[in-house]
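Structure first, commentary second.
The values are calculated or read from the model by the stated rules, or taken from the named source; none is laboratory data. On a predicted model such as this, the values are computed, not experimentally measured, just so you know. Note that we place each Cβ from the backbone using ideal geometry, even for glycine, and neighbour counts take in every protein chain shown.
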Amino acid sequence: MSSNATALTRLLLAERPSLLRLAKRIVGSEPAAEDVAQSLWFRVQKVEDDPPILNKRAYLFRLTANLARDHRKNEARRLALHAEAHSTLWDEDNEPSLEDALVSVDALRRVADAAERLPEPTRRIFRMNRFEAIPQRAIADRLGISSTTVENHIKRALNILAAARDGRVE
């Protein structure tokens, strides 16, 4: 451990109550402040000696404030994502319109038709990989071809199916 890290660790232990108060003011809760303090401890352990830290107390308080702000931003982002996921999964107004449903059914039909029309051996290789979950290397060994050939057939199938989904002729 560097001398900066050792000195900062000692200072962190001595200033822990003040650092927790600062973190709690920023993040808003005791458990979140404890999380910040734990992150602070890990961060302090990684501090190198070059460049030397002249005002270790100021450095420690600045690092605490920065980590607390990062924690608050990450928590806000997590809560927004959770709310969006909940809304998408559980709100009744997220049902597709009749038009959207018909467009989706039509796209699915086009993809299914295109999958049935895939040329051999592309069709066989694609089915083995995507529907039977056989790894590309195993398909290559089973069919006596290279892994690159298997990969190219799968890419070809995916391109054809994507074109069908998008209504493009390929």
Checklist entry - Quick one: in the range 120-151, which of the residues that are of a type in the set (S, T, N, Q) and closer than 22 Å to residue 110 by Cα is surrounded by the most Cβ atoms within 10 Å (Cβ to Cβ)? => result 129
Checklist entry - For residue 68, which of the numbered conditions (1) over 30 Å from residue 159 (Cα atoms); (2) out of contact with any helix residue (DSSP H, G or I) (no Cβ under 9 Å at 6 or more places or on another chain); (3) of a type in the set (Gly, Ala, Ser) fails to hold? => result (2)
Checklist entry - Any chance the range 41-59 includes a residue that's buried (at least 17 other Cβ atoms within 10 Å of the Cβ), at pLDDT below 95 and outside any helix (DSSP H, G or I)? => result yes
Next on the checklist: Among the listed residues 107, 114, identify the single one that is surrounded by 15 or more Cβ atoms within 10 Å (Cβ to Cβ), of a type in the set (Gly, Ala, Ser), outside any loop (DSSP other than H, G, I, E, B) and touching a Lys or Arg at 6+ places or on another chain (Cβ under 9 Å).
Outcome noted: 114
Checklist entry - Does at least one position in the range 45-61 carry a residue that is among the aromatic types (Phe, Trp, Tyr), over 28 Å from the mean Cα position of the chain (by Cα) and more than 30 Å from residue 157 (Cβ to Cβ)? => result yes
Next on the checklist: Among the residues in the range 53-66, are any among the hydroxyl-bearing types (Ser, Thr, Tyr) and more than 30 Å from residue 35 (Cα to Cα)?
Outcome noted: no
Item to check | Residues located in the range 32-89, provided they are free of Cβ contacts under 8 Å to residues at least 12 places away in the same chain and among the small types (Gly, Ala, Ser) | outcome: 58, 76, 80, 83, 85, 87
Checklist entry - Can you name every residue in the range 80-104 that is of a type in the set (Gly, Ala, Ser) and either under 14 Å from residue 167 (Cα atoms) or part of a helix (DSSP H, G or I) (or both)? => result 80, 83, 85, 87, 101, 104
